[in-house]
1. So in segment 124-139, with the set limited to residues that are free of Cβ contacts under 8 Å to residues at least 40 places away in the same chain and part of a loop (DSSP other than H, G, I, E, B), which one is most open to solvent (accessible area, probe 1.4 Å)?
2. State which residue pairs qualify: first residue among the aromatic types (Phe, Trp, Tyr) and inside segment 162-179, second residue in a loop (DSSP other than H, G, I, E, B) in any location, beta carbons under 8 Å apart, and separation of 6 or more residues or different chains.
3. What's the number of the only condition in (1) assigned to a loop (DSSP other than H, G, I, E, B); (2) at pLDDT 95 or above that Asn18 fails to meet?
4. Filter segment 54-64 down to residues that are under 15 Å from the mean Cα position of the chain (by Cα) and either open to solvent by 10 Å² or more (accessible area, probe 1.4 Å) or without any contact (Cβ under 8 Å) to a residue 24 or more places away in the chain (or both), then give me how many there are.
5. Does segment 95-106 contain at least one residue that is β-branched (Val, Ile, Thr), touching a residue at least 12 places away in the same chain (Cβ under 8 Å), open to solvent by less than 80 Å² (accessible area, probe 1.4 Å) and within 17 Å of Arg138 (Cα to Cα)?
6. So Ser43 passes all but one of these: (1) closer than 25 Å to Arg138 by Cα; (2) assigned to a helix (DSSP H, G or I); (3) open to solvent by less than 80 Å² (accessible area, probe 1.4 Å). Which condition number does it fail?
7. So which residues in segment 10-40 are touching a helix residue (DSSP H, G or I) at 6+ places or on another chain (Cβ under 8 Å) and open to solvent by 40 Å² or more (accessible area, probe 1.4 Å)?
Amino acid sequence: MRIALAQINPTLGDFQGNSRKIIDFAKRALDKRVSLVVFSEMSLFGYAANDLLEQPHYVTEQVKVLQKLCKELPPGITVIFGALIPNPLKSGKPFQNVAVVARRGRTPQYCAKQLLPTYDVFDEPRFFEPGLVTHVVRISGIGRVAVTVCEDMWAPTLKVAGKPLYAHDPFKGLKGVDL
């Protein structure tokens, strides 16, 4: 099993350029016989989206690029990258911050970030609807993989005045996971 971590320094709002970087790094990882390549949060949109989300057409445009990107990935490798999507629920905030699990020829899976920070410079609940579950996906050569976004991974360990920063733990009750 080989896993690659790709740090691409995405440019905010440059969906085409960020997409090219993701595809290029996926090809390079495949050349090194990697099964899974993982990119950062919002790697397709660029980070942090902030006031760009006041104009929903940015997310619409990024979703079009996302769909094209998934079709252009090299065959034989699973790619996880960060993106924004419209909220699939009927209520709540307009968007979700997701990890996209993509493999050429398959429908991408969207794993929404659950823990949305509101401290320091962060105000994610302003635009994002939190995910409700930790997604577990099967990746060839690796097994069952729990997919989380940023804060979901490490925030359950954060405490303020001895109390957890978040009431929800994305890993509580999670079983049968290989990675």
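The values are calculated or read from the model by the stated rules, or taken from the named source; none is laboratory data. Source: prediction; values computed, not measured. Glycine also receives a Cβ, built like all others from the backbone with ideal geometry; neighbour counts cover every protein chain displayed. Heavy atoms of the whole protein, side chains included, go into the accessibility calculation; ligands, DNA and RNA do not. Shrake-Rupley method; radii C 1.70, N 1.55, O 1.52, S 1.80 Å.
1. Top of the filtered list is Leu132.
2. Here the result reads Tyr166/Leu115; Tyr166/Leu158; Phe171/Thr134, each pair linking segment 162-179 to a residue that is in a loop (DSSP other than H, G, I, E, B).
3. So the condition that Asn18 fails would be (1).
4. Total meeting the criteria: 1.
5. yes
6. Evaluating Ser43 over (1) closer than 25 Å to Arg138 by Cα; (2) assigned to a helix (DSSP H, G or I); (3) open to solvent by less than 80 Å² (accessible area, probe 1.4 Å) leaves (2) as the failure.
7. Thr11, Leu12, Gln16, listed by residue number.
The rows are residues; the columns are (1) modelled with pLDDT of 90 or more; (2) part of a strand (DSSP E or B); (3) under 19 Å from Gly92 (Cα atoms).
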residue	(1), (2), (3)
Gly141	no, no, no
Ala146	yes, yes, no
Lys175	yes, no, no
Asp178	yes, no, no
